[in-house]
Amino acid sequence: MNSPATRTPAACESLDHVRAEIDRLDRAIVQLLVERGHYVLAAARFKPSVEAVHAPARVEQVIANVRRQAEEAGGLPDVVERGYRTLIEAYTEAERERHARL
């Protein structure tokens, strides 16, 4: 059940309502991305070399998982994939930098 502070997309009565919900979701998404990033950077401790940071098979596993989740949720798998590929590329670079400092 939605609290008074949240509305379903269909229940939005104005562009302001839609934007308020997007802003609410963005706050939650940013928190989750930050948390995810902490785990990505922690992984650097367990990889034997900077070269081992890039793990193409793992990337494809993650992409397959998020595409399936998007499909199951009624979302846009292609959009989710594009976002994740960008996210993974940026965090892989950050993980390489972290690993180089270890």
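Derivation of every value follows stated rules applied to the coordinates shown; laboratory data play no part. These numbers were taken from a predicted model, which means no experiment stands behind them. Heads up, the Cβs are rebuilt from the backbone with ideal geometry, glycines too, and the neighbour counts pull from every protein chain shown.
Axis of helix 77-101 versus longest Cα principal axis of the chain: the two differ by about 40°, to the nearest ten degrees.
Relative to the longest principal axis of the Cα atoms of the chain, the long axis of helix 56-72 lies at roughly 10 degrees. Relative to the Cα centre, the charge distribution of the range 11-101, modelled as +1 at Lys and Arg Cβ and -1 at Asp and Glu Cβ, gives a dipole magnitude of about 520 debye. By definition, a body whose alpha carbon gyration tensor gives a ≥ b ≥ c is prolate when a/c is 1.5 or more and a/b is larger than b/c, and the chain fits this prolate description.
Considering helices alone, the calculated mean residue ellipticity of the chain at 222 nm is -24500 deg cm²/dmol, with DSSP H runs of length four and up weighted by -39500 (n - 2.57) and normalised per residue. Between His17 and Leu76, full extension at 0.36 nm per residue minus the direct alpha carbon distance yields a gain of 19.0 nm. Distance between the 7 Å Cα→Cβ label points at Val59 and Gln31: 3.1 nm.
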